[in-house]
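Notes to accompany the following structure.
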Amino acid sequence: MDGKKGLIFGVANERSLAWGIARSCHREGAELGFTYLGEALQKRVIPLAEQLHSNFVLPCDLNNDQEIDAVFQEVSTRWGQLDFIVHSVAYAKKMELTGKYYDTSRDGFRVAMESSVYSLTALCARAAPCLRDGGSVVTLSYLGAERVVPHYNVMGVAKAALEASVRYLAADFGQRGIRVNAISAGPAKTLAASGIGDFKEILNWNRDNSPMRRNITQDEVGDVAMFLLSGMSSGITGEVIHVDAGYHIVGMRAVTEEEEAQAVLRAAGQQA
């Protein structure tokens, strides 16, 4: 990624998946710009950006068109053109992530959709004039877009809409060779995940039942994103790539070694 320039939206702290993506891209030679939401995150993001030798750090509330415009004005002034964008932004009111999905409030539904879905569309609209032909956009999704996950509620519906947006944006940008893809990452201990009820149980369940019998790492997500942002993935667009240790292929609880041994003994007894 030598010579490529990209924006990272959504770094909150050193545990963020967006930070893993930033590190992977920097390792391969990319020059990066970062945004943050509010003063509390500013204090965390600026030192992280400095670790990757970046002084391009701007405030950006993705629900504020003026702040988005200011970021891309800085891109135009500083870089002229842009090679890639990472969108790692999602939000729902905490009260909407408990109880029944049908209890989602009208305002809670709007907030989740605007913050988690329209934010990508708004970014792409502002980026279109400066995104270099052959560029790339990557966003982050989760299995809750495809299957019911306890307590994910309206965020699962928002992620489904996000994945649909990826396909429509891929079609919009395709003739320019600009690719738009999503990574459906397995559960990880991030600031965003802390707002989901019983998250530790979800994390442990994925660890115990994925084919690889473990959870994914921040670096694994980072490296797949770097691949999608680089020219190595020039023929891939509109895809949702799962980085979840294979959990998305599983249909039921995994069988333990003890249960397998008991099944063998029962089969041997029946044959006898």
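Coordinate-derived values only; no laboratory data. Please read these numbers as outputs of a predicted model, since none were measured by experiment. Cβ atoms come from the backbone with ideal geometry, glycine included; neighbour counts cover every protein chain shown.
So, by mean Cβ neighbours within 10 angstrom, what's the order for 149-156, 83-90 with the highest one leading?
Values: 149-156: 21.1, 83-90: 25.2.
Result, highest mean first: 83-90, 149-156.
Give me the net charge for the shell around residue 126: Cβ to Cβ below 9 angstrom, other residues only, Lys and Arg +1, Asp and Glu -1.
Details: positive: none; negative: 65, 69.
Local charge sum for residue 126: -2.
Can you figure out the FRET efficiency of residue 39 with residue 200, using R₀ = 45 Å and their beta-carbon distance, to the nearest 0.05?
So, using R0 = 45 Å, E works out to roughly 0.90.
Any number yet on Rg/Rh for the range 3-72, C-alpha, Kirkwood?
Radius of gyration over Kirkwood radius for the range 3-72 works out to 0.94.
Translational diffusion coefficient of the range 5-271 at 20 °C, 1.002 mPa s, Stokes-Einstein with Kirkwood Rh over Cα pairs, in µm²/s as a whole number.
Diffusion coefficient, whole number: 110 µm²/s.
Using the 10 angstrom Cβ neighbour count as an exposure proxy, how do 236, 183 rank, fewest first? Present the calculation step by step, with values, prior to reporting the outcome.
Details: 236 14, 183 25.
So the residues, fewest neighbours to most, are 236, 183.
Taking amide H positions as placed in the peptide plane 1.01 Å from N, state which residues far from residue 131 in sequence (5 or more) or on other chains have amide H under 5 Å from it.
Under 5 Å from the amide H of residue 131: 82.
Angle, helix 199-209 long axis vs. longest principal axis of the chain, Cα atoms, 0 to 90°, nearest 10?
Approximately 60 degrees, to the nearest 10.
In a Debye calculation with equal point scatterers on the alpha-carbon sites of the range 114-247 and no solvent, what is log10 I(q)/I(0) at q = 0.18, 0.22 Å⁻¹?
-1.01, -1.34
So for 130, 124, fewest C-beta neighbours within 10 Å to most, what's the order?
On the way: 130 17, 124 21.
With the sparsest Cβ surroundings first, the list reads 130, 124.
Can you give me the angle between helix 257-271 and the longest principal axis of the chain, using Cα atoms only, in degrees from 0 to 90, rounded to the nearest 10?
The angle comes out at about 40 degrees.
Taking 8 Å as the Cα distance limit and 6 or more residues as the minimum spacing, I'd like the relative contact order of the chain as a percentage.
19 percent
Please sort 8-17, 100-109, 33-42 by packing, taking for each peptide the average over its residues of neighbouring beta carbons within 10 angstrom, highest first.
Going by the mean number of other Cβ atoms within 10 Å, highest first, we get 8-17, 33-42, 100-109.
Nearest 20 debye, what's the magnitude of the dipole of the range 5-271 about its Cα centre given +1 on Lys and Arg Cβ and -1 on Asp and Glu Cβ?
Value, rounded to 20: 120 debye.
Number of Lys pairs in the chain with C-alpha atoms less than 21 angstrom apart, excluding same-chain neighbours closer than eight positions?
Number of lysine pairs found: 12.
Report, to one decimal in Å, the Kirkwood hydrodynamic radius for the range 40-174 based on all distinct Cα pairs.
When all Cα pairs of the range 40-174 are included, the Kirkwood radius is 16.3 Å.
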